[in-house]
Amino acid sequence: MDLFATALPALGQAWALILQPVVLGYLVLGVVMGLAVGVFPGLGGIAGLSLLLPFMFGMDPVLGLALMIGMVAVVPTSDTFASVLMGIPGSSASQATVLDGFPMAKKGQAARALSAAFTSSLFGGLVGAAFLTLFIVVARPIVLSFGLPEMLMISILGLSMVAVLAGRVALKGLAAAGLGLLIGTIGEADAGGSLRMATYDIPYLTDGLKLVIVGLGIFAVPEIVSLLRQDRAISKEAKLGAGWGDGVRDWVANKWLSVRCSLIGVVVGVIPGLGGSVVDWIAYGHAVQTTKDKSNFGKGEVRGVIGPESSNNAKEGGGLVPTLLFGIPGSGSMAIFIGAIALLGSGEIEVGPSMLRDNLDITYSIVWLLALANVVGTLLCIAASGGIAKLTTIRFTYLAPFLFMLISFAAFQSGQNFEDILALFVIGLIGIFLRRFDWSRPAFLIGFVLSNPVEKFSNQAFQIASFRFRKSFEDGMDYVFSPIVIVLLIVTVVSVVLGLRQAKSIMAEGDVQSGSKRAPLVFLLIIMGYVVAALINASLIPNYNMTDKIVPLVVGGIALAALLILLVQMILRPESDAIFADKEVSGEDADAPYGLWSTLAWFVGLIVATYFVGFILALLGFLISFLRVRAQAHWPKTLILTACGIALMCVMAGALNRDFPPGLLQGAVDLPWPLN
């Protein structure tokens, strides 16, 4: 009763704080800024909140929170535009939406996909806010009950989605996930500092690859290149398709899927360190598992949009639980959020138990601001969708150079190194060939995303478990097999069993026809070569750093076994078998008027020119030559579009206080901004 006696007055005080015109104005301003940031692929909430940090110092706490919550709430909604309309993950939390949202746009159903996505996002956001309202005080024992074994099991549950998303050939999905895990271990190990597939002679590799680069490379580059080769609009039909009502009706028909995926988002969001990188894949896997006819997934199944989008926004509410209760950021954006709260007012607000004790009204203000921001954000996204969705009817040759420009800029912001752009190209090549030969790109990305959590949690859990087992066998077993671990283990096993049964009906890359043996076999041997090299590299790590080598050795061994079985199958099976799937044999890629390498040459040209003269000068030459030669645009249109592209880059860089990739010219000559 004391709990309600304290909470209910605080709820009323929270409404009094936020129902002021100036507070609502700041909330709408934050939503508009979040919408602008979310539309650009690769930026996301971290970049948006970083932009706000300089203005937080000394600001009124309620106004500052309204501004930040408005931005945090709408980014998972607005990043749907890039995922659905262009096949580019707007952020790490919208990667699964690409799988079915983009095929719907190509069928002329962009409006339906966006409507279903926004409705799901609104519902998920409200579920997250409701969860935060009910559990902001009582969630403490729930969060504290998750130790290292439980967090490891959540990560393994995420990996179990590979079984669902593996595609027609389950071994390809397993090998793709293993490759993603191995690439995720590149660089300096967290535990002992050993280098894996890296050298100090190339400092860039010691820090490993960033998720932004891998996400854009695996999904964005292959789709941009494929559409550019076909030289047509994204949508085959020059219309947006059925209106918004169809998407809303789709959500109503699948409301219980949305409820379940929203709860998944809340639960995963509560657990620090996982967040949006994992939740959309778990929700997508659940959507696949609970659908009777799975043949349409990957080709435009609306349930594949509703599931991830419901979970994405719900996880923001869940992510605020550890952030507000314990000061533990559940994601990168939450880490910035904590830092920004410390700057508000005179610094009297401090996240953690003291916030619940001393500022419960402020705490509940955050909850209601989150709910209102989701409503306002959804309405603004729907209002802007008509114009933005028309991008799908524009000839893609006019969009491609600007998409290359945006993803290159986004990749560079992840580490501020020229090598970021090179890594984007290399990962993009991997993505192109995974797509071509019907290897599951989602499985690869899940492996990469979970490589660090799996290694970190398994190493730490192993060390604590070893100590417990030395005390007594019973104490060790109690630690390893807690009730939560047992429940998660059962869910994981069921997920894998059901996934393997259902995987054959899932088209990882659509209905890909079989080709000759040669090209798929060469690609398999290249992957096998990398896995063998990674295994040898890991085996050379000294045994006293066993924690640094055990995960690469185990993962690499499993991946190599899968690849060897695939190799034997390729040798024994006829060319008509599904294992030899190749998009260059038949379909859009085979019939495309432009070749792969001639199309990639334009991207290579931008990278090479950037190395010598810097990004802005290289972009100037790239846009003019591409629009004149490839798009065959007239000079007035070429110059206008080029000027708009350069201006957009300068405005974004200036607003975000970011630099452009420099070249050799900038090292020799002192040039004015933005040429420097």
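The values are calculated or read from the model by the stated rules, or taken from the named source; none is laboratory data. Predicted, not measured: the structure shown is a model, and the values here were computed from it. Every residue, glycine as well, gets a Cβ built from its backbone with ideal geometry; the counts of neighbours run over all protein chains shown. For the accessible areas, the whole protein counts, side chains as well, though only heavy atoms, and no ligand, DNA or RNA atoms are used. Shrake-Rupley method; radii C 1.70, N 1.55, O 1.52, S 1.80 Å.
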For the pairs Lys299/Lys583; Lys172/Lys549; Lys294/Lys517, flag any whose C-alpha to C-alpha distance is greater than 18 Å.
Lys172/Lys549; Lys294/Lys517
Loop chymotrypsin sites (Phe, Trp or Tyr not before Pro), segment 612-642 (other Cβ atoms within 10 Å of the site Cβ: 12 or fewer; DSSP):
none
To two decimal places, what compactness ratio does segment 365-496 give when its Cα radius of gyration is scaled by 2.2 N^0.38 Å?
1.67
At Val252 and Asp190, where each label point lies 7 Å from the Cα along Cα→Cβ, what is the point-to-point distance in nanometres?
4.6 nm
Taking the mean number of other Cβ atoms within 10 Å as a proxy for protection, how do you rank 448-459, 174-185 from highest to lowest?
174-185, 448-459
Given all pairs of distinct Cα atoms, segment 409-468 yields a Kirkwood Rh in Å of 14.1 Å
Efficiency by 1/(1 + (r/R0)^6): what FRET value for Leu429 and Ala533, r their Cβ-Cβ distance, R0 = 25 Å, to the nearest 0.05?
0.90
Say each of Gln513 and Asp358 gets a label point 7 Å from the Cα, pointing the same way as Cα to Cβ; how far apart are those two points in nm?
7.0 nm
Segment 610-669: C-alpha gyration tensor shape, a/c 1.5 cut-off, then a/b vs b/c
oblate
How high is the FRET efficiency from Gln463 to Ile640, r the C-beta distance, R0 60 Å, rounded to 0.05?
0.45
Residue-normalised accessible area of segment 394-486, given per residue in Å² at a 1.4 Å probe:
36 Å²
The simple spin-label model distance between Arg470 and Cys650, using points 7 Å out along Cα→Cβ, in nm, is 6.4 nm
I'd like the carbon and sulfur percentage of the solvent accessible area for segment 530-676, probe radius 1.4 Å, heavy atoms only, ligands and nucleic acids excluded.
69 percent
Between Lys292 and Ala384, what length in nm is gained on full extension when 0.36 nm per residue of separation is reduced by their alpha carbon distance?
29.7 nm
